[in-house]
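Here's the structure, in C-alpha cells; my notes come after.
The values are calculated or read from the model by the stated rules, or taken from the named source; none is laboratory data. Because the structure is predicted, anything quoted here is derived from the model rather than measured. Heads up, the Cβs are rebuilt from the backbone with ideal geometry, glycines too, and the neighbour counts pull from every protein chain shown.
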Amino acid sequence: MRRVAGEIGFTPMALYRHVANRDDLLSGLAETGFEDLATRLANASVPSNPERRLMKVLDIFLDFAFDRPRMFELMFLERRKGARRFPGDFRAGKSPTANFSTAALESGMKQGIFRKDDVWEIVFETGAMLQGLVMLYVGGRVEMPQKDFRALCHRAFGRYLNGIRK
C-alpha cells in the first residue's frame, strides 16, 4: 500500500481514507476495469446477426486484453472479494460484461440459429475459453503476432458455435 500511495502521489494515510486494505484496492481496480470493458461493449457498433455479434464481443474482449493485460488478469483470474460468481451472479444478470454475450446467444436461440440450451452455461464456457487463451498468450505460451492470435481465437469460437448451431 505504501508503494501504491507513493506511485499516485498520496501519503499512505490518505490512501487508507479511500480504501481499507489491499483487497479493497484490487477489487476497486477490477470493478473499474469491468466498467471500462462494459462501456466499450455498450458503445460498440454491433451487428444484428447473433454470430457476428458474438465475434464482435470477442474482438472487444481481445482488444481490452491486448491494451490492458494485467487488468484483464486481475478482473478474470485473481481471487478477490466481491468478484461475481457463476452461476448465481450471472443468472441474476450481475455481470456487466457477460450480459452482452447472453443477449446475442438468446437472440440466436430465438431466431433458430442456435439450439435451445442453458445460455448462462454457454456464456461461462466461452468466457473460460477466451480467458484461458488470453492468459496463455499474455503469459508468453503462444508465439504468434496479435493478428494471428486473434484469428486463432476466431477459429476456436467458430468451432464452438458450430457445436451449438441448430
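For the reader, a short list of remarks on this structure follows.
Residue-by-condition table, conditions (1) among the polar types (S, T, N, Q); (2) on the phi < 0 side of the Ramachandran plot; (3) in contact with a Leu (Cβ under 7 Å, 6 or more places away or on another chain):
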residue: Thr126; (1), (2), (3): yes, yes, no
residue: Leu133; (1), (2), (3): no, yes, no
residue: Leu136; (1), (2), (3): no, yes, no
residue: Gly140; (1), (2), (3): no, no, no
residue: Pro145; (1), (2), (3): no, yes, no
residue: Ala151; (1), (2), (3): no, yes, no
residue: Phe157; (1), (2), (3): no, yes, yes
residue: Ile164; (1), (2), (3): no, yes, no
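- Checked against (1) farther than 20 Å from Glu35 by Cα; (2) within 16 Å of the chain's Cα centre (by Cα); (3) modelled with pLDDT of 95 or more; (4) surrounded by 12 or more Cβ atoms within 10 Å (Cβ to Cβ), Val142 passes all but condition (2).
- Ser95, sole failed condition from (1) out of contact with any Cys (no Cβ under 7 Å at 6 or more places or on another chain); (2) closer than 30 Å to Met144 by Cβ; (3) at pLDDT 95 or above: (3)
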